[in-house]
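Q: Sharing a structure with you now.
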């Protein structure tokens, strides 16, 4: 199962990636992040205590994490915001530890965490027209850190809105591989 | 520097970020500089007091926790709101402090890069930042409690000295403060921390072998 989470604000790359995955008959779900209500993580510790493994607050995170926890690959499509994710995207991402393992592991001599056993892929697609090389690199570094800390495979891309179909096909091929 | 505003980007008013903010306050106070600290989260519905504080300052210090390798989502929202009202931006100096659970600076540095790119876009002066690892372990206690506490304290004070003088602070400063240990020590640390987690769960009678509660969750249209 591939889950595409897309902040569709001023971009349609998420939709194009989703449609191409569907055309390949991949098992894929599409979640439009800009329409959902996910509150901030208050770092209250509820998910490691009273409501173990679940956020103490009731919002759209309830069904979004219900879908993510069943996924094998997460594809995050987001406007690039100062080399980072959009606000709406980051609200969901901030709570990803809910579907992760609390324990620590060692990878390349460093401490890391892990996601639920079935999640093995994380792809970050940033969208911004005329994005500077510096900002592209900042976004790619951030996604690389996410991939590392979650102990999954994946990649990062930064695309213009009018990116060619060929480029979308290449990314989809990598994701579905 | 005429006046510094320290903005706590953490949802917690008492915690490691607030403790670091307090260290900034005390340091600037000793130097006889005007300063104030303001917490972001109580003002999320109406940012006016925070925006006013930025307008009245010539130095802005943003201090916050690291959530999945950068500042929390609401920092992005906050920066988006600042940039909407460019009249409050008048050549201020901007510094960042980010603290997170992992001991490595590379895990948290993306947060500082975001502030640097933000500053570039709105023509204010990003003058550097400081990264502190193992911040979650502190839970608001003093930096001395860190295994590399002495080093962190020394380099963090050097950073604050740069802030007080309005100077640039180089990334090498926090790089030097990082805890550097061989892989087998981290392996032993992981074992120890996992043991503590398991003990805590056992005491709370939590069965981690149960499937995620989200596997039971309803779909939005059901």
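Since every read-out is calculated from the coordinates, none of them should be taken as a lab result. Bear in mind the structure is a predicted one, so any value in this text is a computation, not a measurement. Ideal geometry is used to build each Cβ from the backbone, glycine not excepted, and the neighbour counts take in all protein chains shown.
Q: Could you work out the helix-only [θ] at 222 nm for chain A, with each DSSP H run of four or more residues adding -39,500 (n - 2.57) and the total divided by the number of residues, to the nearest 500 deg cm²/dmol? Write down the numbers at each step before the final one.
A: On the way: 5 runs with 56 residues, N = 177.
The helix contribution divided over chain A gives -9500 deg cm²/dmol.
Q: Based on the alpha-carbon gyration tensor of segment A:1-42, what equivalent-ellipsoid semi-axes (square roots of 5 times the eigenvalues) come out, in whole Å, largest first? Mind dumping the intermediate values first?
A: Numbers: eigenvalues 102, 34, 7 Å².
Sorted largest first and rounded, they come to 23, 13, 6 Å.
Q: Another question about this same structure. Could you work out [θ]222 nm for chain B from helices alone, using -39500 (n - 2.57) per DSSP H run of at least four and dividing by all its residues? Round to the nearest 500 deg cm²/dmol. Spell out each step's value before the answer.
A: Values: 8 runs with 101 residues, N = 222.
It lands at -14500 deg cm²/dmol.
Q: Which value, in Å to one decimal place, does the Kirkwood hydrodynamic radius take for segment B:31-77 when every pair of different Cα atoms is included? Can you show the working numbers first?
A: On the way: mean 1/r = 0.0817 Å⁻¹.
Its Kirkwood hydrodynamic radius stands at 12.2 Å.
Q: Then there is this: Take every DSSP beta bridge with both residues inside segment B:26-180 and express the antiparallel ones as a percent of the total, to the nearest 5. Could the numbers behind the result be given before it?
A: Values: 1 of 14 bridges.
Antiparallel: roughly 5 percent of the beta bridges in segment B:26-180.
Q: How would segment B:141-222 be classified by its alpha-carbon gyration tensor: rounded, prolate or oblate, with rounded meaning a/c under 1.5 and the a/b versus b/c comparison settling the rest?
A: On the way: a/c = 3.16, a/b = 1.87, b/c = 1.69.
Judged from the Cα gyration tensor, segment B:141-222 comes out prolate (a/c at least 1.5, a/b above b/c).
Q: Assuming R0 = 25 Å, can you tell me the calculated FRET efficiency for the pair residue B:205 and residue B:13, based on Cβ-Cβ distance, to the nearest 0.05? Show your work: numbers first, answer last.
A: Details: r = 31 Å, r/R0 = 1.22.
Calculated transfer efficiency: 0.25.
Q: OK, next. Suppose a student asked you for the relative contact order of chain A, using Cα pairs under 8 Å spaced at least 6 residues apart; what percent would you report?
A: Details: 300 pairs, mean separation 41.4, N = 177.
Computed value for chain A: 23 percent relative contact order.
Q: Another question, then. Fewest first, what order do A:101, B:198 take by the number of other Cβ atoms within 10 Å?
A: Numbers: A:101 17, B:198 14.
If I rank by nearby Cβ atoms, fewest first, I get B:198, A:101.
Q: Additional query: Could you state the principal axis extents of the C-alpha atoms in segment B:3-177, from the largest down, to the nearest angstrom?
A: Principal-axis extents of the Cα atoms in segment B:3-177, largest first: 44, 33, 27 Å.
Q: Points 7 angstrom from Cα along the Cβ direction at residue B:198 and residue A:107: gap in nanometres?
A: Each label point lies 7 Å from its Cα, and together they span 2.2 nm.
Q: How big is the C-alpha Rg of the protein assembly as shown next to the rule-of-thumb value 2.2 N^0.38 Å, as a ratio? Walk me through the numbers on the way to the answer.
A: Values: Rg = 21.0 Å, N = 399, 2.2 N^0.38 = 21.4 Å.
The value comes to 0.98.
Q: Taking each residue in A:86-93, count the Cβ atoms of any other chain within 10 Å of its Cβ, then average. What number comes out? Numbers along the way, then the final one.
A: Details: counts 4, 9, 3, 2, 10, 5, 1, 6.
Counting Cβ atoms of other protein chains within 10 Å of each residue's Cβ and averaging gives 5.
Q: Shifting gears a bit: Return a whole-number percent for the relative contact order of chain B, with Cα pairs under 8 Å and 6 or more residues apart as the contact set. Kindly include the intermediate steps, with their values, before the conclusion.
A: Numbers: 344 pairs, mean separation 40.5, N = 222.
Once divided by the residue count of chain B, the mean separation gives 18 percent.
Q: Mind sorting B:90, B:43 by how few other Cβ atoms lie within 10 Å of their own Cβ, fewest first?
A: B:90, B:43
Q: Let me check the size of chain A from its C-alpha atoms; what are the radius of gyration and Dmax in Å?
A: 15.8, 49
Q: Order these peptides, A:125-131, B:68-74, A:39-45, by their mean beta-carbon neighbour count within 10 angstrom, highest first.
A: B:68-74, A:125-131, A:39-45
Q: Something else now. To make sure I understand, if each residue's beta carbon is the centre and we count other beta carbons within 10 Å, what order do A:22, A:47 fall in, fewest to most?
A: In increasing order of surrounding Cβ atoms, one gets A:22, A:47.
Q: Then there is this: Could you give the semi-axes, largest first, of the ellipsoid that matches segment A:55-143, computed as the square roots of 5 times the alpha carbon gyration tensor eigenvalues and rounded to whole Å?
A: Numbers: eigenvalues 118, 69, 26 Å².
Semi-axes (√(5λ), whole Å): 24, 19, 11.
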